[in-house]
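Everything on this sheet refers to the single structure shown next.
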Amino acid sequence: MNAASSKDRSERGASPRSLSRLLRDVTAPALSKRSRAEASLILDWATVIGTSLAGKAQPVRLSFPRRGERRGATLLLRVDAAHALDIQHQEPQIIERVNSHFGYSLISRLKLEQAPLRARQETRRQEPQLPPPLPREENSRLEQQLQEIDNGQLRSALQHLAEAVEARKRK
């Protein structure tokens with residue numbers, strides 16, 4: 001073993017470290033900015049308060065009264081100006097829904113911020129696209145290869161598969 005590799009080992013640490021310890025060291029700075037409740041509230045907002053209210057308000061952050069305390073928080077909501085009064089009137093119901101979702105009194109009041117709602121990025125499933133038809137000579141060659149298959153459904157499935165493979169080759 002040369003001096004350079006032993007120096008590298010001593011800088012890295014001679015013994016292996018567990019993955020959970022490494023992950024904690026890496027993720028701690030990012031995760032310390034938001035609590036688990038806050039992350040859950042933001043991700044599950046429509047489930048927590050319902051889709052009709054979720055389209056009118058978005059959670060921004062939770063502010064706890066004392067450091068380290070996880071009860072009685074103020075929930076800052078971004079609300080479209082047209083719906084601010086409606087959300088204000090529904091404050092008790094929103095607080096009740098959030099607290100019942102978490103199973104304890106996480107929030108005690110709402111603070112509204114009138115601003116345009118941020119567009120949520122929704123991932124939509126793409127419909128499968130049929131491959132373009134094969135050129136005439138390739139299609140006739142494929143039909144000749146498949147004509148011995150008696151089962152019509154199997155023949156059709158194999159034909160679609162072959163067309164997809166050929167279309168992918170052409171790309």
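Mind checking which residues of the stretch 36-83 are assigned to a helix (DSSP H, G or I) and not small (Gly, Ala, Ser)? Of everything in the stretch 36-83, those that are assigned to a helix (DSSP H, G or I) and not small (Gly, Ala, Ser) turn out to be 36, 38, 41, 42, 43, 45, 47, 48, 49, 51, 53, 83. Could you go through the stretch 135-143 and let me know if any residue there is at pLDDT 65 or above, open to solvent by 100 Å² or more (accessible area, probe 1.4 Å) and assigned to a loop (DSSP other than H, G, I, E, B). So far as the stretch 135-143 goes, no, none of its residues is at pLDDT 65 or above, open to solvent by 100 Å² or more (accessible area, probe 1.4 Å) and assigned to a loop (DSSP other than H, G, I, E, B).
Is there a residue in the stretch 106-114 that is more than 30 Å from residue 160 (Cα to Cα) and either at pLDDT below 90 or outside any strand (DSSP E or B) (or both)? Yes, some residue in the stretch 106-114 is more than 30 Å from residue 160 (Cα to Cα) and either at pLDDT below 90 or outside any strand (DSSP E or B) (or both). The residues of the stretch 79-91 that are closer than 17 Å to residue 107 by Cα and open to solvent by 30 Å² or more (accessible area, probe 1.4 Å), listed by number, are 88, 89, 90, 91. Exactly one residue out of 5, 10, 35 is modelled with pLDDT under 70 and open to solvent by less than 30 Å² (accessible area, probe 1.4 Å), and it is 35.
The values are calculated or read from the model by the stated rules, or taken from the named source; none is laboratory data. Every value quoted in this text rests on a predicted model; they were computed, and no experiment measured them. Just so you know, the surface numbers come from the protein's heavy atoms only, side chains and all, with ligands and any DNA or RNA stripped out. Shrake-Rupley method; radii C 1.70, N 1.55, O 1.52, S 1.80 Å.
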